[in-house]
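Below is one structure; the comments refer to it alone.
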Amino acid sequence: MTRLPLRPGQGAFPDDQIPSPYIPARSRARTDGILRRPHGESVTDSYRSNVVRVWPAGSSAPAVDLVPAAASISAAPSDLLGPECREAFIVAGTHAAGRLTTPADDDATVRALRWFLDLNEWMWCPTVATSPDRGWVEAGALIRGVPEDEVADQAAYHGQAVVLRWDERGLVAIPTIAGVDVGDPTPTPVALVPALTGCPLRRGADGVCKTHGGGWTSGSREALLAWRLHRSLLLDAFGCDVCHGEGPEGPDASEHFTPSREGGWQWGPPRVVRGEE
């Protein structure tokens, strides 16, 4: 399993900035079948390396990160949520039913999940799970005070085949439907660390991110599009205390499928333009 830096300064990428994403051209689907760029680790490995940002008192309060721990002893939910909390569950709201989804699709299913939690008065707080290199993000919710079988049932209803359970042993993926491979069932010890809320493209470090690509060639224009798409995705997920989301607006993402644990950005459905009636 590939271990990438979790935070700036830990074997960081140049300038602490994540690699620019790459979107295979549409023509490659016809020539070599490549639709999206695969990640450097498998889906099952991603359940052990993922970093989960938690806003324990809501999105306007300070956040913490659950990161894989170097030690064998794990932080427990009670360390963050109080002594009565023995276990908690992290449920994603994106890529429902394993579908390819656009940013608008993901926004709708995340809102539907959180609406259900509020309607039923479940105790929850916002989360975003991500890979160490922030190649993909999963917005969702940390749920506590609800039995595992009820959480699993509702996660499956909302199109999620896997949830993450967090207890005193660490974080582990559990399937919500039969036949889903979640890999090693041993919990991964995790540590609680204060969230770095600087530039999300620099994994929370201070300083302004650097633009990739430009307007000189078709390749550089494609690189700029991918960079701007990913910047918009990460700004929506994590925010930025450096630029506060200012700068160029993100491009129209309705033609692109968002990255997931399975792979990176992909060209999506064609844009539908309505004529004047």
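The values are calculated or read from the model by the stated rules, or taken from the named source; none is laboratory data. As the structure is a computational prediction, the values presented were derived from the model and not from experiment. Here the Cβ is made from the backbone with ideal geometry for all residues, glycine too, and neighbour counts use every protein chain on show. Note: accessible area is taken over every heavy atom of the protein model, side chains too, but ligands, DNA and RNA are not part of it. Shrake-Rupley method; radii C 1.70, N 1.55, O 1.52, S 1.80 Å.
Based only on the alpha carbon positions, what is the Kirkwood hydrodynamic radius of the stretch 160-236, in angstrom?
The answer is 16.0 Å.
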*asked:* Given axes a ≥ b ≥ c from the Cα gyration tensor, I'd like to know whether the stretch 149-277 is rounded (a/c under 1.5), prolate (a/b larger than b/c) or oblate.
replied: oblate
*Take peptides 96-103, 198-205, 63-70 and line them up by average Cβ neighbours within 10 Å, highest first, as a rough protection proxy.*
198-205, 63-70, 96-103
*Using a 1.4 Å probe, what is the accessible area per residue for the chain, in Å²?*
50
*About its Cα centre, how strong a charge dipole does the stretch 61-172 have in debye, to the nearest 20, once Lys and Arg get +1 and Asp and Glu get -1 at the Cβ?*
200
*Report ³J(HN,Hα) in whole Hz for each residue of the stretch 97-105, in order, from the Karplus equation J = 6.51 cos²θ - 1.76 cosθ + 1.60 where θ = phi - 60°; Gly and Pro get x.*
6, x, 7, 6, 9, 8, x, 5, 4
*So, counting K/R as plus one and D/E as minus one, what does the shell of residues with Cβ under 13 Å around ARG111 add up to?*
-4
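At a 1.4 Å probe radius, carbon and sulfur cover how many percent of the accessible area of the stretch 66-201?
Percent of accessible area from carbon and sulfur atoms in the stretch 66-201: 55.
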*Which of rounded, prolate, oblate describes the stretch 91-132, given a ≥ b ≥ c as roots of the alpha-carbon gyration tensor eigenvalues and a/c under 1.5 marking rounded, otherwise prolate only if a/b is larger than b/c?*
oblate
_Once R0 is set to 30 Å, what does the formula 1/(1 + (r/R0)^6) return for the Cβ-Cβ distance between ASP181 and LEU119, expressed as a FRET efficiency to the nearest 0.05?_
0.40
*Other-chain or far-sequence residues with amide H under 5 Å of GLN266's (modelled H)*: PHE257
*Packing-based ranking, highest mean first, of 134-144, 248-258, 209-219 given that Cβ atoms within 10 Å are counted*: 134-144, 248-258, 209-219
*asked:* Given contacts defined as C-alpha pairs under 8 Å and at least six residues apart, what's the relative contact order of the chain, whole-number percent?
replied: 25
*Measuring from centroid to centroid over Cα atoms, what is the spacing of the stretch 98-121 and the stretch 67-91 in Å?*
25
_Taking a ≥ b ≥ c as the square roots of the Cα gyration tensor eigenvalues, with a/c under 1.5 meaning rounded and otherwise prolate when a/b beats b/c, else oblate, which class fits the stretch 19-113?_
prolate
*Compare the peptides 182-189, 49-56, 75-82 by average per-residue count of other Cβ atoms within 10 angstrom and give them in order, highest first.*
49-56, 75-82, 182-189
*Place a +1 charge on the Cβ of each Lys and Arg in the chain and a -1 charge on the Cβ of each Asp and Glu, then give the dipole magnitude about the Cα centre in debye, rounded to the nearest 20.*
900
*With a point put 7 Å past each Cα toward its Cβ, work out how far SER78 is from SER254 in nm, to one decimal.*
5.2
